[in-house]
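Q: One structure, pasted below without further comment.
The values are calculated or read from the model by the stated rules, or taken from the named source; none is laboratory data. Only a predicted model underlies this, so the values are computations on that prediction, with no experimental measurement involved. Glycine also receives a Cβ, built like all others from the backbone with ideal geometry; neighbour counts cover every protein chain displayed. Remember, those area values only see protein heavy atoms, side chains included, never the ligands or the DNA or RNA. Shrake-Rupley method; radii C 1.70, N 1.55, O 1.52, S 1.80 Å.
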Amino acid sequence: MSNKLVDKAFELHHWITQNLDDLEISRDRRILLSVSCYDVVIEHHIGISALLKSRINGSAFALVRPLFETFVRGAWLRHCATDHEIDKYINDRLDKKFYLLIEEVERLESFKDGILSGLKENAWKAMNSYTHGGIQQAGRRSSGSYIEPDFSDEEIVEVIKLSGSFALLAFQQIVLEAGENDLAVKAIEMLGGVGNE
């Protein structure tokens, strides 16, 4: 099942990149920074997919946290950051805790559902462990008498679904900036099918 879903992830990426071609995006720094973050999310999605296709699962799982954090930063930069905070971000001096970014983003109408804070609450420790070589990462290295990656199909499917969902959400935010509301609606409609055969 996970192989079919990885193939679908490549199809999703192709659809996203085709629909991003030639969009007109404002050169306003707030918008450019935000859209740039969303572009990174989309790149992480295809990176995760390529790694999973090559069975480099540990590295794929390690990208889930940066994908999640970059999406939140993109939304925060666009809708919440002050000009001073944007200056600090540009100079790589922003020292605001991640949970505060989520709190501010979730005050926005479009993020009030609490999905971001719920994901952080339920998966943050595992994300950190995968990204920083913790037990989630190291503990999946023994398969019988061999030391090699040992990730279950269910875990792989979960990562495919999560990264695909964030890629679509990032795409939606970009096309909204370009005034392509029909594409934004299409992305939301597609969310229900991410990770399904």
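Q: Count, please, the residues in segment 139-186 that happen to be basic (Lys, Arg) and not in a loop (DSSP other than H, G, I, E, B).
A: So the count comes out to 2.
Q: Tell me the residue from Ser117, Ser110 that is of a type in the set (S, T, N, Q), open to solvent by 30 Å² or more (accessible area, probe 1.4 Å) and more than 15 Å from the chain's Cα centre (by Cα), please.
A: Ser110
Q: Restricting the first residue to segment 1-25 and requiring it to be over 18 Å from Leu52 (Cβ atoms), which pairs with a second residue that is outside any helix (DSSP H, G or I) and of a type in the set (Gly, Ala, Ser) meet a Cβ separation below 7 Å and a spacing of at least six or different chains?
A: Leu23/Ala178; Glu24/Ala178; Ile25/Ala178
Q: With the condition kept exactly as written, say whether any residue in segment 142-152 is free of Cβ contacts under 8 Å to residues at least 40 places away in the same chain, among the aromatic types (Phe, Trp, Tyr) and out of contact with any Gly (no Cβ under 7 Å at 6 or more places or on another chain).
A: For segment 142-152, residues free of Cβ contacts under 8 Å to residues at least 40 places away in the same chain, among the aromatic types (Phe, Trp, Tyr) and out of contact with any Gly (no Cβ under 7 Å at 6 or more places or on another chain): present.
Q: Among residues belonging to segment 52-74 that are within 24 Å of Gln172 (Cβ to Cβ) and more than 9 Å from the chain's Cα centre (by Cα), point out the one that is most open to solvent (accessible area, probe 1.4 Å).
A: Filtering segment 52-74 for residues that are within 24 Å of Gln172 (Cβ to Cβ) and more than 9 Å from the chain's Cα centre (by Cα), the one most open to solvent (accessible area, probe 1.4 Å) comes out as Arg73.
Q: For segment 75-102, which positions are among the basic types (Lys, Arg), closer than 20 Å to Lys120 by Cα and open to solvent by 70 Å² or more (accessible area, probe 1.4 Å)?
A: Lys97 - this is the single residue of segment 75-102 that is among the basic types (Lys, Arg), closer than 20 Å to Lys120 by Cα and open to solvent by 70 Å² or more (accessible area, probe 1.4 Å).
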